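The values are calculated or read from the model by the stated rules, or taken from the named source; none is laboratory data. Computed from a prediction, not measured in an experiment: that's the story for all the values here. Heads up, the Cβs are rebuilt from the backbone with ideal geometry, glycines too, and the neighbour counts pull from every protein chain shown. For accessibility, only protein heavy atoms count, side chains too; no ligands or nucleic acids. Shrake-Rupley method; radii C 1.70, N 1.55, O 1.52, S 1.80 Å.
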Amino acid sequence: MKTKIAIFASGNGSNAEEIIKHFKSHKTIDVSLILSNNQNAYVLQRAENYNIPHFAFKRDDFYNGKIIDEILRLNKINFIVLAGFMWLMPERFVKNYPNKIINIHPALLPKYGGKGMYGSHVHEAVVKNKEKETGITIHWVNEEYDKGSIIKQVKCSVSSIDTAEDVANKVHKLEYENYPKIIEQAVLG
Ligand code: GRF
């Protein structure tokens, strides 16, 4: 039996696509489902391009309903990957998937984490504070934003002339190089 991964993503989904590609012909791991809280998210088109079942849901379904739980159960999902997913995971998912939900944050946590610290906000803050380095943090998910135990951090340098966009590009590169591999290691235990 393969380990079946569901990816939750809210937007563009470039990380999701790297993960899909990484596991495309994997012997024991399958990206089986893409879920989004945003029906216009480009990640859904990427899922379509790779023939992966995908589904968009509303806030009330996610926090108060049972639809997502049912979809995960029916698709026999045993591992969850967050890739640019903006909503806090409800406690029941964290309980149902203990140490089986992984996230990536585009900074070196605990710096630049927590509510409101996502996407370009993170990189703008890094540049504004004249940081000399930034990077990525891959971590387990618990009930609080960006607080689960850290699996791996990878750093990159920030130069005094880097714009927030430059930093975003450097960080994205680190994400693509590291996230799929770390997911694989985490799934294989
Ligand atoms: C990534 O930088 C990720 O670290 C963060 O959200 C961004 C998503 O980008 N959590 P994409 O949708 O994968 O292109």
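Condition check ((1) within 11 Å of the ligand (Cβ to nearest atom); (2) farther than 28 Å from L174 by Cα; (3) not charged (D, E, K, R)) across all residues:
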position: R59; (1), (2), (3): no, yes, no
position: R73; (1), (2), (3): no, yes, no
position: I77; (1), (2), (3): no, no, yes
position: A83; (1), (2), (3): yes, no, yes
position: M86; (1), (2), (3): yes, no, yes
position: E91; (1), (2), (3): no, yes, no
position: V94; (1), (2), (3): no, no, yes
position: P110; (1), (2), (3): no, no, yes
Only one of (1) in a loop (DSSP other than H, G, I, E, B); (2) open to solvent by less than 40 Å² (accessible area, probe 1.4 Å) is not met by V122, so which one is it?
(1)
Could you check Y145 against (1) of a type outside the set (A, V, I, L, M); (2) open to solvent by less than 50 Å² (accessible area, probe 1.4 Å); (3) out of contact with any Cys (no Cβ under 9 Å at 6 or more places or on another chain); (4) within 12 Å of the ligand (Cβ to nearest atom) and say which number it fails?
(2)
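Look at H54 and say whether it is at pLDDT 95 or above, touching a Leu at 6+ places or on another chain (Cβ under 6 Å) and not polar (S, T, N, Q). Explain how you work it out, then say what you get.
On the way: at pLDDT 95 or above: yes; touching a Leu at 6+ places or on another chain (Cβ under 6 Å): yes; not polar (S, T, N, Q): yes.
Taking the combined requirement at face value, the residue satisfies it.
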Within region 154-166, is even one residue assigned to a loop (DSSP other than H, G, I, E, B), touching a strand residue (DSSP E or B) at 6+ places or on another chain (Cβ under 6 Å) and surrounded by fewer than 18 Cβ atoms within 10 Å (Cβ to Cβ)?
no
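Does N64 qualify as being touching a residue at least 40 places away in the same chain (Cβ under 8 Å) and either more than 18 Å from I182 (Cα to Cα) or of a type outside the set (A, V, I, L, M, F, W, C) (or both)?
Working: touching a residue at least 40 places away in the same chain (Cβ under 8 Å): no; either more than 18 Å from I182 (Cα to Cα) or of a type outside the set (A, V, I, L, M, F, W, C) (or both): yes.
For N64, the condition - touching a residue at least 40 places away in the same chain (Cβ under 8 Å) and either more than 18 Å from I182 (Cα to Cα) or of a type outside the set (A, V, I, L, M, F, W, C) (or both) - is not met.
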Go over the candidates N103, N99 one by one and state the one that is at positive phi and touching a residue at least 40 places away in the same chain (Cβ under 8 Å).
N99
Check region 158-169 and report whether any residue there is in contact with a Lys or Arg (Cβ under 6 Å, 6 or more places away or on another chain), within 19 Å of E18 (Cα to Cα) and not small (G, A, S).
no
Take region 60-85 and flag every residue that is exposed (fewer than 15 other Cβ atoms within 10 Å of the Cβ) and of a type in the set (A, V, I, L, M).
I67, L74
Got a number for residues in region 125-139 being open to solvent by 10 Å² or more (accessible area, probe 1.4 Å) and either touching a helix residue (DSSP H, G or I) at 6+ places or on another chain (Cβ under 8 Å) or among the basic types (K, R) (or both)?
4
Scanning region 1-49 residue by residue, those within 12 Å of the ligand (Cβ to nearest atom), of a type in the set (A, V, I, L, M, F, W, C), in contact with a helix residue (DSSP H, G or I) (Cβ under 7 Å, 6 or more places away or on another chain) and in contact (Cβ under 8 Å) with a residue 60 or more places away in the chain turn out to be I7, A9, A16, I19
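Please enumerate the residues belonging to region 164-189 that are small (G, A, S) and touching a residue at least 12 places away in the same chain (Cβ under 8 Å).
Within region 164-189, the first condition is being small (G, A, S), and the residues that meet it are 164, 168, 186, 189.
Residues satisfying the conditions are A164, A168, A186.
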Here is a check on your reading of the model: is N129 away from the ligand (no atom under 16 Å from the Cβ) and closer than 21 Å to D30 by Cβ?
no
